[in-house]
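Colleague: Once you've had a glance at the structure underneath, I'll fire off some questions.
The values are calculated or read from the model by the stated rules, or taken from the named source; none is laboratory data. Not measured: the values here are computed from a predicted model. A quick note on method: Cβ atoms are made from the backbone with ideal geometry, for glycine too, and the neighbour counts reach across all protein chains shown.
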Amino acid sequence: MLALSSVPVATTPGPVKRPPFAAAVENEDPLRLLKRALESQKKVDAVLLQHRLIRRGSPPMFVKVQIVANKGVKVSILQPFSLQGIVSLDDSQEFKSFLPDQKMLVVQTSPTKYSPDVAWRMNLIKRNYQTSFGEDSSVAGRKVRELVMVPKNGAMPVRKLLVDSERDFVLRLVVEPPDQPPVDFYTTRVARFDRAEALRDFNLPPEADDARKVVFDAPRRIQSLEAARKVVGFTPRRPKTLPYGFRESLVHVVGEGEAAHVAFRITDGMASATVYQWRQDRYKGRPPGSRRWQDQDRHGISYSIEAVFGDELPDPVFQGLLQSYLEVQK
């Protein structure tokens, strides 16, 4: 699943220097700023030009992002050439992607419909991270404050969020995995906070009207593992606890018949991943999730895991999370 509005050129950021204008706000709680920043991401009116990373080592993307408060997010890929012209529109109900080369319109449920609320996330963040202020600087010519999030579990990466001082909007996200170079998951190059400009051409290209439409089944929230078993043909494996501070936020059944599988949505408050499970002997179609992180238990149940932002999690974390599901035997 390619969610361009939420997927964050892979670069290695240099040292951030404190410019003359920067002055720390005394006595402010960094967690309060973090909460405002998480809440503001889709509540501003903005036009952004950004470099975004799909995954470590992948070709860079240069995108135009239009955010209209209470209306949605539009993302247009400008570079690389191989992806140029792909446009997505997320109205918080449906996520639509127009692929011009294939003349295809892909329609699926908006990921925002099953994203945990900010208050729930903040409780996890307080348990899993030590958050403090870093260096004030500038991004896209705008003053920003740096939030440094150091995980309490040493296997998880440090996160640095550079937050616009006026709009409480994250303009840059840097992830620093253990023993690896830091990576920009997205960096804003131009930022204009203007509703009229954000609304301009806030729709899919006209060619999308005549494109072949592919509609994905909407995920269905399950109330019990027994209810899921009746659909997918096995009792989903749910560990009692998860490592690295992760918690389950939702469980979905996706697809019908021979394409039915289970999706466990998990998060530590900042990083999010999905663990998929399906019965190998009856499943038809392309397996869900990452092919890199895939395994099968002795009962013929297959598993895979993928992070929302590509490879933002270190390899040992992917392995440990997947293993916690594999070890549940029924």
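Colleague: Can you give me the ranges of the strands (runs of 3 or more DSSP E) entirely in the stretch 30-83 with at least 2 residues that are within 14 Å of D164 (Cα to Cα)? Explain how you work it out, then say what you get.
Modeller: Details: elements: 46-52, 61-68, 72-79.
In the stretch 30-83, 46-52 are the strands (runs of 3 or more DSSP E) which contain 2 or more residues that are within 14 Å of D164 (Cα to Cα).
Colleague: Of D91, D29, which residue is of a type outside the set (V, I, T) and within 25 Å of V215 (Cβ to Cβ)?
Modeller: Details: D29 fails: within 25 Å of V215 (Cβ to Cβ).
Answer to the check: D91.
Colleague: Restricting to the stretch 110-136, count the residues that are assigned to a helix (DSSP H, G or I) and either touching a helix residue (DSSP H, G or I) at 6+ places or on another chain (Cβ under 9 Å) or closer than 30 Å to G154 by Cα (or both).
Modeller: Residues of the stretch 110-136 that are assigned to a helix (DSSP H, G or I), as a first pass: 111-114, 118-128.
Adding the requirement that they be either touching a helix residue (DSSP H, G or I) at 6+ places or on another chain (Cβ under 9 Å) or closer than 30 Å to G154 by Cα (or both) leaves 111-112, 114, 118-128.
Total meeting the criteria: 14.
Colleague: Take I301 and tell me if it is within 23 Å of the chain's Cα centre (by Cα), buried (at least 22 other Cβ atoms within 10 Å of the Cβ) and at pLDDT 90 or above.
Modeller: Details: within 23 Å of the chain's Cα centre (by Cα): no; buried (at least 22 other Cβ atoms within 10 Å of the Cβ): yes; at pLDDT 90 or above: yes.
The answer is no for I301.
Colleague: Please verify whether V87 is surrounded by fewer than 16 Cβ atoms within 10 Å (Cβ to Cβ) and modelled with pLDDT of 95 or more, treating the condition exactly as stated.
Modeller: Numbers: surrounded by fewer than 16 Cβ atoms within 10 Å (Cβ to Cβ): no; modelled with pLDDT of 95 or more: yes.
It is false that V87 is surrounded by fewer than 16 Cβ atoms within 10 Å (Cβ to Cβ) and modelled with pLDDT of 95 or more.
Colleague: Could you count how many residues in the stretch 174-201 are closer than 26 Å to E94 by Cβ and surrounded by fewer than 16 Cβ atoms within 10 Å (Cβ to Cβ)?
Modeller: Looking only at that region, the number is 7.
Colleague: Working carefully through the options S115, S132, S82, find the one that is at pLDDT below 95, more than 25 Å from V190 (Cβ to Cβ) and of a type in the set (S, T, N, Q).
Modeller: Just one listed residue meets the conditions, S115.
Colleague: Further question on the same structure: Can you tell me which residues in the stretch 159-192 are closer than 25 Å to D315 by Cα and of a type in the set (S, T, Y)?
Modeller: So in the stretch 159-192, the residues closer than 25 Å to D315 by Cα come out as 159-161, 172-187.
Residues satisfying the conditions are Y186, T187.
Colleague: Something else: Any idea which of K240, K230 is under 25 Å from the mean Cα position of the chain (by Cα) and surrounded by fewer than 16 Cβ atoms within 10 Å (Cβ to Cβ)? Full working, then the answer.
Modeller: Details: K230 fails: under 25 Å from the mean Cα position of the chain (by Cα).
Answer to the check: K240.
Colleague: Consider S110 carefully, then state whether it is crowded, with 19+ Cβ neighbours inside 10 Å, closer than 30 Å to A211 by Cβ and in contact with a Ser or Thr (Cβ under 8 Å, 6 or more places away or on another chain).
Modeller: Working: crowded, with 19+ Cβ neighbours inside 10 Å: yes; closer than 30 Å to A211 by Cβ: yes; in contact with a Ser or Thr (Cβ under 8 Å, 6 or more places away or on another chain): yes.
Considered against the rule, which asks whether it is crowded, with 19+ Cβ neighbours inside 10 Å, closer than 30 Å to A211 by Cβ and in contact with a Ser or Thr (Cβ under 8 Å, 6 or more places away or on another chain), S110 comes out as yes.
Colleague: Additional query: Being modelled with pLDDT of 95 or more and in a helix (DSSP H, G or I), is that true of even one residue in the stretch 93-109?
Modeller: Checking the stretch 93-109: not a single residue is modelled with pLDDT of 95 or more and in a helix (DSSP H, G or I).
Colleague: Between a residue in the stretch 32-55 that is closer than 19 Å to A69 by Cα and any residue that is among the small types (G, A, S) and assigned to a helix (DSSP H, G or I), which pairs come within a Cβ distance under 7 Å, given they are 6 or more apart or on different chains?
Modeller: Correct list of pairs: D45/A198; A46/A198; V47/A198.
Colleague: Let me ask something else about it. In this structure, does T267 turn out to be among the hydroxyl-bearing types (S, T, Y) and buried (at least 16 other Cβ atoms within 10 Å of the Cβ)?
Modeller: Values: among the hydroxyl-bearing types (S, T, Y): yes; buried (at least 16 other Cβ atoms within 10 Å of the Cβ): yes.
It is true that T267 is among the hydroxyl-bearing types (S, T, Y) and buried (at least 16 other Cβ atoms within 10 Å of the Cβ).
Colleague: Those residues that are surrounded by fewer than 22 Cβ atoms within 10 Å (Cβ to Cβ) and at pLDDT 90 or above, I need them from the stretch 316-330; list them, please.
Modeller: First, the residues of the stretch 316-330 that are surrounded by fewer than 22 Cβ atoms within 10 Å (Cβ to Cβ): 316, 318-320, 322-324, 326-330.
P316, F318, Q319, G320, L322, Q323, S324, L326, E327, V328 - these are the residues of the stretch 316-330 that are surrounded by fewer than 22 Cβ atoms within 10 Å (Cβ to Cβ) and at pLDDT 90 or above.
Colleague: Hey, could you check the stretch 196-227 for residues that are among the acidic types (D, E) and under 27 Å from the mean Cα position of the chain (by Cα) and say which is farthest from K284 (Cα to Cα)? First the steps, then the outcome.
Modeller: At the first step, the residues of the stretch 196-227 found to be among the acidic types (D, E) are 197, 201, 207, 209-210, 217, 226.
Within this subset, residues satisfying the condition of being under 27 Å from the mean Cα position of the chain (by Cα) are 197, 201, 217.
Working: E197: 45, D201: 40, D217: 15 Å.
Among residues in the stretch 196-227 that are among the acidic types (D, E) and under 27 Å from the mean Cα position of the chain (by Cα), the one farthest from K284 (Cα to Cα) is E197.
Colleague: Sort out which residues of the stretch 223-240 are under 23 Å from Q323 (Cβ atoms) and either out of contact with any Lys or Arg (no Cβ under 9 Å at 6 or more places or on another chain) or small (G, A, S) (or both), and write them in order of number. Spell out how you get there, then give the answer.
Modeller: Applying the first criterion (under 23 Å from Q323 (Cβ atoms)) to the stretch 223-240 yields 225, 228-229, 232, 234-240.
Correct list: A228, R229, R238, P239, K240.
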